[in-house]
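Undergrad: Sharing a structure below in structure tokens format, with a few things to ask.
The values are calculated or read from the model by the stated rules, or taken from the named source; none is laboratory data. What you are looking at is a predicted structure, and each value in this text was computed from that prediction instead of being measured. Here the Cβ positions follow ideal geometry from the backbone for every residue, glycine too, while neighbour counts run over all protein chains shown. In case anyone asks, the SASA skips ligands and DNA or RNA and just uses the protein heavy atoms, side chains included. Shrake-Rupley method; radii C 1.70, N 1.55, O 1.52, S 1.80 Å.
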Amino acid sequence: MMQDYQQELVAIKDLLKKNPEGMSVTDISKALKKNKNTIGRYLDILLISGQVDMRTFGMAKVYTLSQRVPLSAMLSYSKELIMVLDDASRIIDINDNFLGLLQLTRQDTLGKNLSFLQSPEVDVHELLDSIATRGGDKETTVTFPIKDKGERIFHQKCIHTVFDDGRKGITLILEDVTEHILAEKEIRQSEERFRMMADNIQDGLIIMENGKTIYANKRIAEITGYSIKELWTMKPIGIIAPEFQKTAEEHARAVEAHPDKPRGLQTCIVRKDGERRFVYSRVSGARHHDRFYNFVVFTDMTELRAQEARIAENEERFRVMADNIQDGLIIVENDKIVFSNRRIKEITGYTTEEIAKQGIDGTLQTDDIQEIVDSRIVPMKDKCRIQEVFQNVRPDSPEPCEFKIWIKRKDGLRRYIHGKVTAAERGVVTSYYITLSDITDFAEREKALRERIDALQDLLH
């Protein structure tokens, strides 16, 4: 009876082989002179076992012989690890890649129950536990240790299989995806590090790909007032103030033409609420295959500009005040004159540029002073050098150091100067403030007075 059953199946397959265009149940029953119901049951067996294919045309079912590749050929040429098990978990077939993983030979595995294998490389029980043997076909990712290689990650497919004789089994397919998974993990970690960095910098950042925004950080949302979702639908040029857009577009074209040359631009943006903010934008580019990336960095300069304006205003106020006092004023930092007022130019005859270039020694020249001392216009005890004063002055001293010296102006005239020096420290910088008063007229009057006193004394004697 079993022999007749197999003979009928062989006869149907031979008939379908001779009629590759396909045959219906009626055609087959007529050709074999068998009952249609019997032929239908045989065809169901062949269909379930994968030996025939069925196509539907309206109400008719047409059967053709399956175009199957031998399982042994698939096992040989596949890069994946393939093992075929019967319903008792015995190994029916296995390819060389799987044998390489287990470090076993074909004789060690064929016909053996998977749970009884003794692999020197893999814990077979863990592998067995990972196989999905119930329900429909399944795909999952499994991890198990391999000797000397650590944990490996496999993409596992368990395909329910029907053999030619109608028995059921499982085809286990493993694909080693360890390197792929680890690479994806590294990419995710790298992206997370980048996102953490980009979201915590003080500058706004927009990244564009082929003219479309693909990333915007939190800071650019704070600067512009737009949400990150809104920024994704906008181009950076859209937030630039209208009067600056043409220049910004020229810079963008220049970067696209020369990606290796970043461009910077001080410009103005208009926030979502209409407020204008001053920013410094830096645009760079990179080409990757058919994609062009723009990296646009915005630094909000509004507060800095306001602070600079306040500093400039204070400096101008100081300059106006300093230029209208009656004494000359020189400020020295790190042995350089950083400021001199209008009165100093009148006293010395030098320009601001000449004073800055010459320094203290060149401006307050005291050459050939002995003849003036000898002329008794000023006592010898009043003669001193500026360097001596600088050595004595202290930043924390409440009282200034004073001096009186004769100087020679640019035009050669000599003037008698009364000076005061104070100092102040700001971090590592010590600033010296020198105020100078021209007391030449006073010295000459004092000389004339002494001469009259001497003359009176001569008369009395």
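Undergrad: List the aspartates and glutamates whose Cα lies under 15 Å from the Cα of Lys61, skipping any in the same chain that are fewer than 8 positions away.
TA: Glu21, Asp27, Asp44, Asp53
Undergrad: Got a sec? Charge dipole of the chain, +1 on Cβ for Lys and Arg, -1 for Asp and Glu; which of Tyr63, Thr363, Phe163 is way out at the positive end?
TA: Tyr63
Undergrad: Additional query: By how many nm would the segment from Thr430 to Ala254 grow when fully extended, if each residue of separation counts as 0.36 nm and the alpha-carbon distance is taken off?
TA: My answer for the length gained is 58.8 nm.
Undergrad: Continuing with the same structure: Evaluate the charge dipole of the stretch 271-328 about its Cα centre and quote only its size in Debye, nearest 20, assuming +1 on the Cβ of each Lys and Arg and -1 on the Cβ of each Asp and Glu. Please list the in-between numbers first.
TA: Working: 11 positive and 11 negative charges, 113 e Å.
Computed about the Cα centre, the dipole is about 540 debye.
Undergrad: Something else: For Glu333 and Lys218, FRET efficiency with R0 = 35 Å and r from the beta-carbon atoms, rounded to 0.05?
TA: Computed FRET efficiency for Lys218 and Glu333: 0.30.
Undergrad: Which value, in Å² and to the nearest 10, is the accessible area of Asp199 when all protein chains are kept and the probe is 1.4 Å?
TA: Counting only protein heavy atoms, the figure is 40 Å².
Undergrad: Same structure again: For the stretch 197-296, what is the largest minus smallest coordinate of the Cα atoms on each principal axis, given in angstrom and ordered from greatest to least?
TA: 38, 29, 22
Undergrad: If you place +1 on the Cβ of every Lys and Arg, -1 on the Cβ of every Asp and Glu, and leave all else neutral, what size is the dipole of the chain about its Cα centre, to the nearest 20 Debye?
TA: About 1660 debye.
Undergrad: Oh, and also: Can you pull the semi-axes for the chain, root of five times each eigenvalue of the Cα gyration tensor, sorted largest first, whole Å?
TA: Whole-Å semi-axes of the equivalent ellipsoid: 105, 28, 16.
Undergrad: Shifting gears a bit: Magnitude of the Cβ-charge dipole of the stretch 187-346, K/R +1 and D/E -1, about the Cα centre, nearest 20 debye?
TA: That gives the stretch 187-346 a dipole magnitude of about 440 debye.
Undergrad: Taking the Cα centre of the chain as the origin and placing charges on Cβ (Lys, Arg +1; Asp, Glu -1), which of Val177, Ile311, Gln189 is farthest toward the positive end of the dipole?
TA: Val177
Undergrad: Please calculate how many Å² of accessible area the chain carries per residue, with a 1.4 Å probe and no DNA, RNA or ligand atoms counted. Walk me through the intermediate numbers first.
TA: Numbers: 28780 Å² over 461 residues.
That works out to 62 Å² for each residue.
Undergrad: Could you compute how much accessible surface Met321 exposes when probed at 1.4 Å, giving the result in Å² to the nearest 10?
TA: 110 Å²
Undergrad: Right, here's the next one. Of all GluC sites (Glu not before Pro) in the stretch 251-307, which ones are in loop regions per DSSP and have a Cβ with at most 12 other Cβ atoms within 10 Å?
TA: Glu275
Undergrad: Among Phe298, Ile240, Ala286, which residue has its Cα furthest toward the positive end of the charge dipole of the stretch 231-332, with +1 on Lys/Arg Cβ and -1 on Asp/Glu Cβ?
TA: Ala286
Undergrad: At Ser115 and Asn392, where each label point lies 7 Å from the Cα along Cα→Cβ, what is the point-to-point distance in nanometres?
TA: Rounded to a tenth, the inter-label distance reads 10.6 nm.
Undergrad: Got a number for carbon plus sulfur as a percent of the chain's accessible area, 1.4 Å probe?
TA: Percent of accessible area from carbon and sulfur atoms in the chain: 51.
Undergrad: Run the quick spin-label model on Lys410 and Leu265: label points 7 Å from Cα toward the beta carbon, then report their separation in nm to one decimal.
TA: Using points 7 Å along Cα→Cβ, the separation is 4.5 nm.
Undergrad: On a full-extension model of 0.36 nm per residue, what is the gain between Ala31 and Thr351, subtracting their alpha-carbon distance, rounded to one decimal in nm?
TA: Full-extension gain reported as 102.9 nm.
Undergrad: Quote to one decimal, in nm, the extra length available between Arg317 and Lys168 on full extension: 0.36 nm per residue of separation minus the C-alpha distance between them.
TA: That works out to 43.9 nm of additional length.
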